[in-house]
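Rule-based calculations on the coordinates, nothing more; no lab input. Everything quoted here is computed from the prediction, not taken from an experiment. Here Cβ is always computed from backbone atoms with ideal geometry, including for glycine, and neighbour counts include all displayed protein chains.
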Amino acid sequence: MGENTVKKKNKNRTQGQEIWFRLRKNIGAMVGLTVVILLILTAVFADVLFDYDTDVIGYEISERKQAPSAEHPFGTDDMGRDLFARVLYGTRYSLSIGAAAVLIGILVGVPYGAACGYFGGKVDLYLMRFIDIIRAVPGLLMGIVIVSALGQSTFNLILAISIGQIVSIANITRASVLTVKNQEYVESARNIGLSEGRIILKHIIPNCLSPILVQVTLGVASAIVSASSLSFLGLGIPVPEPEWGALLSAGRGFIRQYSYMTLFPGLAIMITVLSLNLLGDGLRDALDPKLRK
């Protein structure tokens, strides 16, 4: 009787409820989700949490290079600025850059990959060869070239990172479309005279969202790492903005005597990327149709 009740409850769940039920059972995914939510709240309410101007320099000499303490939990940098506030403000920059790069990847990569997978033939051949050419160039090297050519700015940094996201999302979308384009509901849509564009938008892409959603989550993590890498090399967010990679770059000259200047920004990057990867892995398991009973 108990087993029948459980089975009945499982059947009554909607698809969204079933995904959430599976996600909740994954401890790592829930930890990652919790950390990501806290990071988003920190980015949104950074100005409310701290009445602090991260651009101000020239504090008293006594305020500079202070070790972590109750007054300054992460210590102060060589300009006397509170590192705790700067790392928290950096959440806003890093998450915004990662999300913006992935958003561009979605807007370009999803229709690009859907067109390749759906039409096939020469369309797929030529479009995917272009993707292969881009993939042949290491992402960091391409980012360096683009930012160096266009100039150092936040927009150019996002543009450089988004190219790699376009390639990844286009590939995963194409692979997903290839698995669903010959399904019966797609054939039915063709038979009733729907245009190719409407079939792709209304029937193909909605049924490919699961792997795309997982790729988006993992893509934000990789975009944050790419942005931090370029900022560390001096090609990212212009100083004195407190982006995590820029904070690492600023503190590397003091790493022997004042290691905390690089420790805390590095931990922020590590925790954020790890949380997003845990969440992405959990979503992949929750959305996997093979695990559904």
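Ignoring solvent entirely, what values of log10 I(q)/I(0) come out of the Debye formula for region 236-280 at 0.17, 0.25, 0.27 Å⁻¹ when each Cα is a single scatterer? Rounded to two decimals, the profile gives -0.52, -0.84, -0.90. Estimated from helical segments only, the mean residue ellipticity of the chain at 222 nm is -23500 deg cm²/dmol, where each DSSP H run of four or more residues counts as -39500 (n - 2.57). The eigenvalues of the Cα gyration tensor, multiplied by 5 and square-rooted, give region 50-187 an equivalent ellipsoid with semi-axes of 46, 17, 10 Å from largest to smallest. Given all pairs of different Cα atoms, what value in angstroms does the Kirkwood hydrodynamic radius of region 122-172 take? Mean inverse Cα-Cα distance, inverted, gives 11.6 Å. Every Cα-Cα pair in region 108-221 was counted, and those over 24 Å apart are 34% of them. For the chain, the number of Lys pairs with C-alpha atoms closer than 25 Å, counting only pairs eight or more positions apart or on separate chains, is 20. Quick one: longest stretch of the chain between exposed loop GluC sites (Glu not before Pro), exposed meaning at most 14 other C-beta atoms within 10 Å and loop per DSSP? My reading of the result: 72-293 is the longest stretch.
Need one word for region 166-293: rounded, prolate or oblate. Basis is the Cα gyration tensor (sqrt eigenvalues a ≥ b ≥ c); a/c below 1.5 gives rounded, then a/b vs b/c decides.
Values: a/c = 5.37, a/b = 2.61, b/c = 2.06.
Prolate, because a/c is 1.5 or more and a/b exceeds b/c.
Over all orientations, the chain has a Cα convex hull whose mean projected area works out to 20.4 square nanometres.
Rg and Dmax, both from the Cα atoms of region 158-232 and both in Å, are 16.1, 55.
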